[in-house]
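Visitor: Following this message is one structure expressed as structure tokens.
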Amino acid sequence: MHGAILALLTLLFFLRVLGQALVAFLRVTWLPPMEQWFSGLIPYPILLVIQIIMLASMVKISADICRGQGFFAILRPRWSRVLIGFSALYAGAMIARYILTMIFKPEMRWFGGTIPIFFHFVLAGFILVLGRYHSQASK
């Protein structure tokens, strides 16, 4: 079950990366404009490389757990608390980011600029599920 959820979250993140690339490189108009996809803190070419590395890692983790073999399939109870704790902090930071965005950029209410925030929740969810997977070792 954990592997399937991780695979689904990986697919969601892939669709986000694909959507942004379609807007950036092919200038598709049926998706939100580039300004909606990222905050601009990291130049897009660098961000894309980071996202591709993240996707490759997510695919490897998901595949290992789905197959029940490989480095990431080995249950490591020590990882559990760290991953679950980090996912909670990560999600909490995104809640704060959303609230601050709505307060200080009222023109973006309710859904303007929220694509990155939503997908950070997807990543936090991935880390949470991975942590829950590793928590099985302590049961």
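The values are calculated or read from the model by the stated rules, or taken from the named source; none is laboratory data. Nothing here was measured: the structure is a model prediction, and the numbers come from that model. As a convention, Cβ positions derive from the backbone with ideal geometry for all residues, glycine included, and neighbour counts pool all protein chains shown.
So that you can scan it fast, the table gives a plain yes or no per residue for (1) closer than 20 Å to Gly125 by Cβ; (2) among the aliphatic types (A, V, I, L, M); (3) not in a helix (DSSP H, G or I):
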residue: Val28; (1), (2), (3): no, yes, yes
residue: Pro32; (1), (2), (3): no, no, yes
residue: Phe38; (1), (2), (3): yes, no, yes
residue: Met54; (1), (2), (3): yes, yes, no
residue: Ser57; (1), (2), (3): yes, no, no
residue: Ala63; (1), (2), (3): yes, yes, no
residue: Val82; (1), (2), (3): yes, yes, no
residue: Tyr90; (1), (2), (3): yes, no, no
residue: Arg97; (1), (2), (3): yes, no, no
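Visitor: Here's another thing I want to ask about it. Are there any pairs, at least 6 apart or on different chains, whose C-beta atoms fall under 9 Å, with the first in the range 81-109 and within 15 Å of Ser39 (Cα to Cα) and the second surrounded by fewer than 13 Cβ atoms within 10 Å (Cβ to Cβ), and if so, which?
Guide: Qualifying pairs under 9 Å: Thr101/Arg109; Met102/Arg109; Met102/Trp110.
Visitor: Has the range 36-54 got any residue that is at pLDDT 95 or above, in contact with a Phe, Trp or Tyr (Cβ under 9 Å, 6 or more places away or on another chain) and within 21 Å of Tyr133 (Cα to Cα)?
Guide: So far as the range 36-54 goes, yes, one or more of its residues are at pLDDT 95 or above, in contact with a Phe, Trp or Tyr (Cβ under 9 Å, 6 or more places away or on another chain) and within 21 Å of Tyr133 (Cα to Cα).
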